Amino acid sequence: KIGDQDFLNKIVVDSATNRLGFFVEVSSSTVEQIRIQDGALVPTSDNDIDLGTSTLEFKDAYFDGTVTTDGLTVSSTTNLDGAIQVDNTITVGVDDTGYDVKFFGDTASAYMLWDTSTDDLVLAGAAGIDLAGDLDVDGTTNLDVVDIDGAVDMASTLAVAGVLTGASLDISGDIDVDGTT
């Protein structure tokens, strides 16, 4: 045993269990707080011991294995270089106070950006959309060029605004307007 005069604060070498026990005084009693045993530094009570404080922090930590935690707060820039798998919802910001989110592709200057200044999803550079399912647009769609490789089914009125001068309409199939071809 190594300790103070009344052994309320002490280190005990336990040869029966092959471990070191670290005790401190808590409310005038000696309480074991931490044990060092074969391959482990172990607290003696669940959810009781802090590693560092808000003013006295450890500098760096190195782990070679799995780190399991109930919660994680990161208050500085973080660089994650390995693959990350998220098995639940990712939320960025809070409602009415968001943050830009940017995903880069393999092509230079190609990226997808959720731009909070306009609340728009921006595909920049060579980034595009490849949809395997349906697309449902509930607003006006402005398209510079339309190239349709399959059938077109219109369930509403086709309106052409403006005057077609010097333009041509090339139709290589049937057009069905109100059931008449």
Notebook entry, point to check: Any idea what the dipole of the range 1-60 comes to, in debye rounded to 20, about its Cα centre with Lys/Arg Cβ at +1 and Asp/Glu Cβ at -1?
Noted result: 220
Next item on the list: For Lys1, list the lysines whose Cα falls under 21 Å from its own Cα; do not include residues on the same chain fewer than 8 positions away.
Entry: Lys10
Notebook entry, point to check: Taking the alpha-carbon centroid of each part, what is the distance from the range 67-88 to the range 108-141 in angstrom?
Noted result: 27
Notebook entry, point to check: Using modelled backbone amide H atoms (1.01 Å from N, in-plane), which distant-in-sequence or interchain residues come within less than 5 Å of Arg19's amide H?
Noted result: Asp14
Check: Using a 1.4 Å probe on the protein chains only, how many percent of the accessible area of the range 56-161 belongs to carbon and sulfur?
Finding: 50
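The values are calculated or read from the model by the stated rules, or taken from the named source; none is laboratory data. Just so it is clear, the structure is predicted and the values come from calculations on it, not from any experiment. Glycine also receives a Cβ, built like all others from the backbone with ideal geometry; neighbour counts cover every protein chain displayed. SASA here: full protein model, heavy atoms, side chains in, ligands and nucleic acids out. Shrake-Rupley method; radii C 1.70, N 1.55, O 1.52, S 1.80 Å.
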